[in-house]
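See structure below.
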Amino acid sequence: MFCRCFCFFSLCLFLPTQRRCALGHVSDLHGRDTTSLPGFENLTMGYNKYLRPYFGGEPVQIAMSLDIASISSISESDMDYTATIYLRQRWTDPRLVFHGNKSFTLDARLVELLWVPDTYIVESKRSFLHDVTVGNRLIRLFSNGTILYALRITTTVACNMDLSKYPMDTQTCRLQLESWGYDENDVIFTWLRGNDSVHGIEKLRLSQYTVERYYTLVSMSQQETGSYPRLILQFELRRNVLYFILETYVPSTLLVMLSWVSFWITLDSVPARTCIGVTTVLSMTTLMIGSRSSLSKTNCFIKAIDVYLGICFSFIFGALVEYAVAHYSSSQKRAAKAPQEGRASELSKEKDEVNITNILNSSITSYKRKISFTSIEISSDNVNCSDLTMKTHEKIKCVLRNKMHRIISYFTIQNPSNVDHYSKLLFPLFFMLVNVFYWAYYLYF
């Protein structure tokens, strides 16, 4: 029975006007009448595929549903995603009503002879209809004139992304369906069953993302030529951060901890401490370059992962600078002690060769010179700048000199070995505090 119906409907579509589909009969070239399926007669008489149903009257109600077969790729650099979808559209055409309560699936090539909605995908960059082994389209006709038109489409759609919290970000993407030429006076788009009109998206397994939630919307697109109906599927994608923790965060943290090893090495071990500092700095630089190269087109964003790598690099570089400061202070201290020790050694050698008078004279002279030098250079902060005999500019210079000496003495490292001692405590403490603020901000704000 199905074959007879299908053949009859096909004939009605393709026969020339001289051949008429009469009520309950088909007239062939030889004038013989054959019985057809009751209710399929006159199906295409007066049908014009260039005119929509209810032409000149009420708009056509088009109900849609979607099956998301897959989302094959999500590109942060191009800011788009590629999805394969099954799009199903339903509308009623009173010109195709026939008797009975059955539905018939027709050859998809017959869609060229029917009126169909001009639906397109908004913000689509590339789209194509699958055609293996034939065009993946379906036409189903119901007795009340309802038509089901289904398509299998793969499309690449733009998705604007905010990567400031990458890789702890959540992106919101849309799939939007809109009428191209028919405005709201001609067609009305609706979801067939609201949120239940979309299937398959909750079962998707993506490499870097998890679908948090999705919902459907109905809106109007205001254009210069009119107001066009639009259906929106909006879904949120939360990135899986575990991969990035193992790939970037853990190695960078370990490099920071490796730089702290130098605090337990003595200041005299110059090759060891320099090697650790330079190696960790270079390794951190390589890690930063590798992280940014994976998203080369999004370098305009200051991402969360860039902030963390910058923090780690700062702590590693700080450990190297700490050793430079400690070693320089230690060298200066040893250089300051060397002349005093040399002078003491010379005096001990000449002790047996000079008499007591010369020793006393030498000591008094040295003492006077030392007092004079100290009063001018070292203890200048004790100079009385309120002397009435001093001029105004001299008093200003005196005050500034005293202030500078106080500042210099405040930052002077008396014991260079204490630098490492304090660094062992301060570097880990500050790094932990920075991590607490970092993760709290990007995870909860």
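The values are calculated or read from the model by the stated rules, or taken from the named source; none is laboratory data. Bear in mind the structure is a predicted one, so any value in this text is a computation, not a measurement. Cβ: placed from backbone, ideal geometry, glycine included. Neighbour counts: every protein chain shown. In case anyone asks, the SASA skips ligands and DNA or RNA and just uses the protein heavy atoms, side chains included. Shrake-Rupley method; radii C 1.70, N 1.55, O 1.52, S 1.80 Å.
Key figures for this structure:
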| quantity | calculated |
| --- | --- |
| Residue list for the range 226-250, restricted to those being of a type in the set (A, V, I, L, M) and assigned to a strand (DSSP E or B) | Leu231, Ile232, Leu233, Leu237 |
| Hits in the range 205-250 - residues which are farther than 18 Å from Ser70 by Cα and in contact with a Pro (Cβ under 6 Å, 6 or more places away or on another chain) | Val241, Phe244 |
| Odd one out for Asp268, checked against (1) outside any helix (DSSP H, G or I); (2) touching a Ser or Thr at 6+ places or on another chain (Cβ under 8 Å) | (2) |
| Test: residue in the range 190-198 that is open to solvent by less than 70 Å² (accessible area, probe 1.4 Å), of a type outside the set (A, V, I, L, M, F, W, C), within 28 Å of Ser77 (Cβ to Cβ) and at pLDDT below 95 | no |
| Residue match in the range 118-127 (condition: under 21 Å from the mean Cα position of the chain (by Cα) and of a type in the set (Ser, Thr, Tyr)) | yes |
| Any chance Thr92 is open to solvent by 30 Å² or more (accessible area, probe 1.4 Å) and of a type in the set (Val, Ile, Thr) | yes |
| Residue within the range 61-79 that is out of contact with any helix residue (DSSP H, G or I) (no Cβ under 9 Å at 6 or more places or on another chain), open to solvent by 20 Å² or more (accessible area, probe 1.4 Å) and farther than 21 Å from Glu236 by Cα present | yes |
| Selection within the range 185-225 - in contact (Cβ under 8 Å) with a residue 24 or more places away in the chain and either among the charged types (D, E, K, R) or part of a helix (DSSP H, G or I) (or both) | Asp186, Arg193, Ser197, Ile201, Glu212 |
| The range 136-179: number of residues that are part of a loop (DSSP other than H, G, I, E, B) and open to solvent by less than 30 Å² (accessible area, probe 1.4 Å) | 9 |
| Qualifying residue in the range 99-121 (condition: open to solvent by less than 30 Å² (accessible area, probe 1.4 Å), farther than 20 Å from Asn48 by Cβ and either at pLDDT below 95 or not assigned by the TED database to the domain that holds Trp180 (or both)) | yes |
| Residue in the range 291-307 that is part of a helix (DSSP H, G or I) and in the same structural domain as Leu87 (by the TED database) present | no |
| Residue list for the range 229-240, restricted to those being surrounded by fewer than 19 Cβ atoms within 10 Å (Cβ to Cβ), in contact (Cβ under 8 Å) with a residue 60 or more places away in the chain and more than 30 Å from Pro117 (Cα to Cα) | Arg238 |
| Residue check for Val134: at pLDDT 95 or above and either of a type in the set (A, V, I, L, M) or over 33 Å from the mean Cα position of the chain (by Cα) (or both) | no |
| Boolean, Ile153 is at pLDDT 90 or above, of a type in the set (A, V, I, L, M) and under 35 Å from the mean Cα position of the chain (by Cα) | yes |
| Of the criteria (1) surrounded by 15 or more Cβ atoms within 10 Å (Cβ to Cβ); (2) under 28 Å from the mean Cα position of the chain (by Cα), which one Ser259 fails | (2) |
